[in-house]
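Student: Let me begin by handing over the structure; questions about it come next.
The values are calculated or read from the model by the stated rules, or taken from the named source; none is laboratory data. Since we're looking at a predicted model, the values are computed, not measured. Backbone-built Cβ (ideal geometry, glycine too); neighbour counts: all protein chains shown.
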Amino acid sequence: MTESQKKDSPKKILITGASRGIGEAIALHFSSQGYHTILTARTEFDLARVKKDILSRGGQADYIVCDLSTEESARTLAEKIKKDFGFIEYIVLNAGISTNSDFLSQTPANFQKELNVNYIAPLLLLKELLDEMVKKKKGKIVTISSIAGILPFPGNASYAASKAALISLCMTANLELKKYNIYIGSVLPGLTRTAMTKEYESFILPFSNPDEIAFSVEEAFNTEKPIIIPGIFNNVVSSIYRYFPEPLNLLVGALSNVLIPANKK
Ligand SMILES: NC(=O)c1ccc[n+]([C@@H]2O[C@H](COP(=O)([O-])OP(=O)(O)OC[C@H]3O[C@@H](n4cnc5c(N)ncnc54)[C@H](OP(=O)(O)O)[C@@H]3O)[C@@H](O)[C@H]2O)c1
């Protein structure tokens with residue numbers, strides 16, 4: 001590739017969990033801005049649908065089918081990305097699962113699965129994909145964690161713990177990697193209308209839509225803030241919790257048996 005071809009080629013962005021929901025919205029958002037999107041998820045049918053949608057709007061997309069629930073498959077994905085696409089400057093680690101289970105009913109197998117997809121897979125992908133960024137002294141990474149990682153959310157203890165681990169990893173890695181001109185931040189959505197929150201449809205709290213989260217990812221890339229919480233409501237609640245945790249704990253505890261699906265079972 002000549003220097004001028006390199007200059008003209010679009011920026012590449014990897015998005016995990018891009019087959020639906022928030023990941024799909026992020027893929028459409030960045031493809032509309034001229035990025036070459038590389039999509040991953042387990043369901044080829046949905047990946048092909050998102051790719052077709054992007055191509056029909058004049059964008060560029062490719063996909064890799066992968067399951068991020070084991071360490072081996074996360075490493076295989078990283079190898080395949082490097083082999084097929086070379087250096088990728090922008091990465092959004094979005095794939096995640098929630099078993100929506102209260103702590104007493106949670107099984108060790110589900111706890112492990114949540115931890116693997118939500119924390120171990122992003123950690124391994126970071127480890128494998130950072131080498132090239134460090135060499136080139138450039139790169140921007142955003143993880144999609146959750147406001148549940150910093151606020152109590154009854155009915156989702158193990159999910160919240162996996163997201164708290166992800167937030168903590170990003171905050172520290174971001175400081176360590178600054179000297180290589182690499183940014184790692186995390187977007188912490190509150191309730192967002194996707195397949196993951198189907199059980200919460202009747203919930204009275206305000207929901208974001210996936211497009212708003214895509215804008216927050218762009219904001220993270222532009223501002224390089226370590227943490228971004230989308231939505232005014234979520235920002236207000238997390239600020240109240242930071243300074244007055246006890247009243248909010250009492251309120252959430254009192255309402256959880258009425259409002260939260262896992263607690264109603
Ligand atoms: N929705 C919310 O209220 C909310 C709030 C805070 C944070 N989040 C976070 O936002 C991210 C996206 O969630 P969403 O709401 O868009 O949920 P979603 O609609 O269920 O989408 C999840 C995405 O992750 C992929 N995925 C799931 N398990 C996977 C696995 N084992 N290996 C590889 N890919 C896998 C799914 O594709 P396949 O099933 O095809 O693999 C899908 O593309 C998650 O990290 C979630 O925790 C969501």
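Student: Is there a residue in region 65-82 that is touching a Pro at 6+ places or on another chain (Cβ under 9 Å) and more than 19 Å from S238 (Cβ to Cβ)?
Tutor: Checking region 65-82: at least one residue is touching a Pro at 6+ places or on another chain (Cβ under 9 Å) and more than 19 Å from S238 (Cβ to Cβ).
Student: Another question, then. Within region 63-112, count every residue that is surrounded by fewer than 18 Cβ atoms within 10 Å (Cβ to Cβ) and in a strand (DSSP E or B).
Tutor: Going through region 63-112 one residue at a time, the tally reaches 1.
Student: Within region 242-257, track down each residue that is of a type in the set (A, V, I, L, M, F, W, C) and part of a helix (DSSP H, G or I).
Tutor: Selection gives L248, L250, L251, V252, A254, L255.
Student: Quick one: in region 25-62, which of the residues that are within 21 Å of N118 (Cβ to Cβ) and crowded, with 21+ Cβ neighbours inside 10 Å is nearest to the ligand (Cβ to nearest atom)?
Tutor: A41
Student: Anything in region 158-192 that is basic (K, R) and surrounded by 16 or more Cβ atoms within 10 Å (Cβ to Cβ)? List them, or say none.
Tutor: The one that is basic (K, R) and surrounded by 16 or more Cβ atoms within 10 Å (Cβ to Cβ): K163.
Student: Condition check: at pLDDT below 95, away from the ligand (no atom under 16 Å from the Cβ) and not charged (D, E, K, R). Does S105 satisfy that?
Tutor: In short, yes.
Student: Follow-up question, since we're still on this one. Would you say I227 is β-branched (V, I, T), out of contact with any Ser or Thr (no Cβ under 7 Å at 6 or more places or on another chain) and within 24 Å of I15 (Cβ to Cβ)?
Tutor: When the stated conditions are applied, I227 does not pass them.
Student: Taking the residues in region 177-209 that are of a type in the set (V, I, T) and within 15 Å of the ligand (Cβ to nearest atom) as candidates, determine which candidate is modelled with the lowest pLDDT.
Tutor: Checking each candidate, the answer is I204.
Student: If you take the residues in region 213-228 that are more than 12 Å from the ligand (Cβ to nearest atom) and part of a helix (DSSP H, G or I), which one is farthest from E89 (Cα to Cα)?
Tutor: Going through the qualifying residues, I end up with F215.
Student: Conditions first: (1) within 11 Å of the ligand (Cβ to nearest atom); (2) at pLDDT below 95; (3) not aliphatic (A, V, I, L, M). N110 passes all but one, so which condition is the exception?
Tutor: All conditions pass for N110, except number (1).
Student: Return the residues of region 202-221 that are of a type in the set (F, W, Y) and free of Cβ contacts under 8 Å to residues at least 24 places away in the same chain; say none if nothing qualifies.
Tutor: The one that is of a type in the set (F, W, Y) and free of Cβ contacts under 8 Å to residues at least 24 places away in the same chain: F207.
Student: May I pose another question? Taking region 117-167 on its own, how many of its residues are of a type outside the set (V, I, T), in contact with a Pro (Cβ under 9 Å, 6 or more places away or on another chain) and within 27 Å of K82 (Cβ to Cβ)?
Tutor: 2
Student: Another question about this same structure. N118 passes all but one of (1) at pLDDT below 95; (2) assigned to a helix (DSSP H, G or I); (3) within 13 Å of the ligand (Cβ to nearest atom); which number fails?
Tutor: That leaves (1) as the condition not met.
Student: Return yes when F233 is of a type outside the set (G, A, S), touching a Ser or Thr at 6+ places or on another chain (Cβ under 8 Å), farther than 20 Å from I120 by Cβ and at pLDDT below 95 and no when it is not.
Tutor: Taking the combined requirement at face value, the residue does not satisfy it.
Student: Further question: Of the residues that sit in region 229-255 and are among the aromatic types (F, W, Y) and under 17 Å from L191 (Cβ atoms), which one is surrounded by the most Cβ atoms within 10 Å (Cβ to Cβ)?
Tutor: Among residues in region 229-255 that are among the aromatic types (F, W, Y) and under 17 Å from L191 (Cβ atoms), the one surrounded by the most Cβ atoms within 10 Å (Cβ to Cβ) is Y241.
Student: Considering region 143-152 alone, what residues qualify as being in contact (Cβ under 8 Å) with a residue 60 or more places away in the chain and within 13 Å of the ligand (Cβ to nearest atom)?
Tutor: Answer for region 143-152, where residues must be in contact (Cβ under 8 Å) with a residue 60 or more places away in the chain and within 13 Å of the ligand (Cβ to nearest atom): I144, I147, I150, L151.
Student: Within region 229-241, which residues are assigned to a helix (DSSP H, G or I) and within 11 Å of the ligand (Cβ to nearest atom)?
Tutor: Answer for region 229-241, where residues must be assigned to a helix (DSSP H, G or I) and within 11 Å of the ligand (Cβ to nearest atom): just N234.
Student: Something else: Would you mention how many residues in region 160-201 are closer than 20 Å to F215 by Cα, touching a residue at least 40 places away in the same chain (Cβ under 8 Å) and not hydroxyl-bearing (S, T, Y)?
Tutor: 10
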